[in-house]
1. What is the stretch 1-89's relative contact order, in percent, from Cα pairs under 8 angstrom and six or more apart in sequence?
2. Pick out which of ALA220, ALA41, ALA288 has the largest mean-square fluctuation in a Gaussian network model of the chain, springs linking Cα atoms closer than 10 Å.
3. What's the magnitude of the charge dipole for the stretch 1-94 around its Cα centre, counting Lys and Arg as +1 and Asp and Glu as -1 at the beta-carbon? Answer in Debye, nearest 20.
4. Specify, per residue and in Å³, the volume enclosed by the convex hull of the alpha carbon atoms belonging to the chain.
5. Which FRET efficiency value, to the nearest 0.05, do you get for GLU239 and ASP62 by plugging their Cβ-Cβ distance into 1/(1 + (r/R0)^6) with R0 = 35 Å?
6. Pairs of alpha-carbon atoms within less than 8 angstrom and 6+ residues apart define the contacts here; what relative contact order does the stretch 135-247 have, in percent?
7. Once you have all Cα-Cα distances for the stretch 135-247, histogram them in 5 Å bins from zero and send the whole-percent values.
8. Quote the charge dipole size of the stretch 135-247 about the Cα centre in Debye, to the nearest 20; the model charges only the Cβ of Lys and Arg (+1) and of Asp and Glu (-1).
Amino acid sequence: MSTTFRTAVVRTPGGPESIEIIDVPVVEPGAGQVRVQIAGAAVNPVDLALAAGVFHGLGLVDQPDHTGLGWDFAGTVTAAGPDVGLPVGSRVAGLVAGFDRDFGTYAEQLVVPASDTALVPEGLDLTTAASVPLNSLAAAQLVDLLGDGAGRSLLVTGAAGAVGGYVVALAQDRGWRVTGLARAEDEDFVRGLGADFTPQAGPGWDAVADGAALQEQGVALVRDGGLFVGVQPGAEPAEERGVAVRVVVAKPDGARLAQLLDATASGRLPARVHAVVPLDEVAATHRAVAKGGVRGKYVLQP
Ligand SMILES: NC(=O)c1ccc[n+]([C@@H]2O[C@H](COP(=O)([O-])OP(=O)(O)OC[C@H]3O[C@@H](n4cnc5c(N)ncnc54)[C@H](OP(=O)(O)O)[C@@H]3O)[C@@H](O)[C@H]2O)c1
């Protein structure tokens, strides 16, 4: 067996061209950890920001050599540390959070806490499973911040995006009356999730969930004394007119992810993969995502 594996990193961030694929030593899982052979890693906006140096610029990355890319993964357990109940061969998906790390999911393998992973249900392929963790967990945790809707109105911006689409679905379960703000061509998708649709929103909503990261413009859409939940930690817009401003910070949660994967397998949550591409095409894929307009995730295959 090889003693090294391939992984995509940035040393000096500078956009897609600064991404390198390097060989690093295989790591044995410790107590409570599993090693996963990665089958797919979704490309998310946060990865583009990392490669562009946004988080380095904010002082949130302090790596001596290189920084790992990628938050989402799905794959197969190839080794387990002591006291881990997951057998080798288990199909799992998971989320690796945080900016300041020398490893990521854009890789052939990964060592993670077993409790951060969830079994992928039969009937859900690993490529689709790889598109689920970050954005469904962010959405579920965002909806926790919204609380119960009790029939109140919620505008979800970016409702055809990954986070937005999941929020549209999950917030209705908590009693919110949901309207999705998205591009005109996304109307069928948003209505298909059971929500109302608008291509342009005026003010007066009880709450706004800001999947499009409209920030201040999103706060302006909330009624006086309402609630805004954003998606950009560390860049929260200012509170105004008694509008409470909250922000979601997605965290790994294996138990919750298991529910979200089940909901994906059963069709209660949308499953959206735009394309599957080899890891070697990571730079071109980042450039494609940066253009916008992509629906569903690119999934890198190492
Ligand atoms: N805080 C956290 O824990 C966390 C976790 C996950 C993601 N995020 C953040 O959440 C945001 C969304 O991520 P994502 O993966 O869901 O991205 P995405 O799939 O690209 O979704 C964003 C959506 O917003 C749409 N949009 C942008 N401006 C709009 C406007 N003015 N009107 C209507 N629609 C608009 C985009 O449409 P077009 O493509 O046509 O522009 C796209 O459909 C990103 O900023 C990401 O960094 C945060």
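1. On the way: 158 pairs, mean separation 31.7, N = 89.
Normalised by residue count, the contact order of the stretch 1-89 is 36 percent.
2. Highest fluctuation among the options: ALA288.
3. Approximately 220 debye in magnitude.
4. In the chain, the Cα convex hull volume per residue is 126 Å³.
5. Approximately 0.70, to the nearest 0.05.
6. Here the relative contact order equals 23 percent.
7. With 5 Å bins starting at 0, P(r) equals 2, 15, 27, 27, 20, 7, 1.
8. 160 debye
The values are calculated or read from the model by the stated rules, or taken from the named source; none is laboratory data. Just so we're clear, the structure is a prediction, and the values are computed from it rather than from any experiment. Every residue, glycine among them, receives a Cβ derived from its backbone with ideal geometry; neighbour counts consider all protein chains shown. Calculation scope for accessible area: heavy atoms of the full protein, side chains included, ligands and nucleic acids excluded. Shrake-Rupley method; radii C 1.70, N 1.55, O 1.52, S 1.80 Å.
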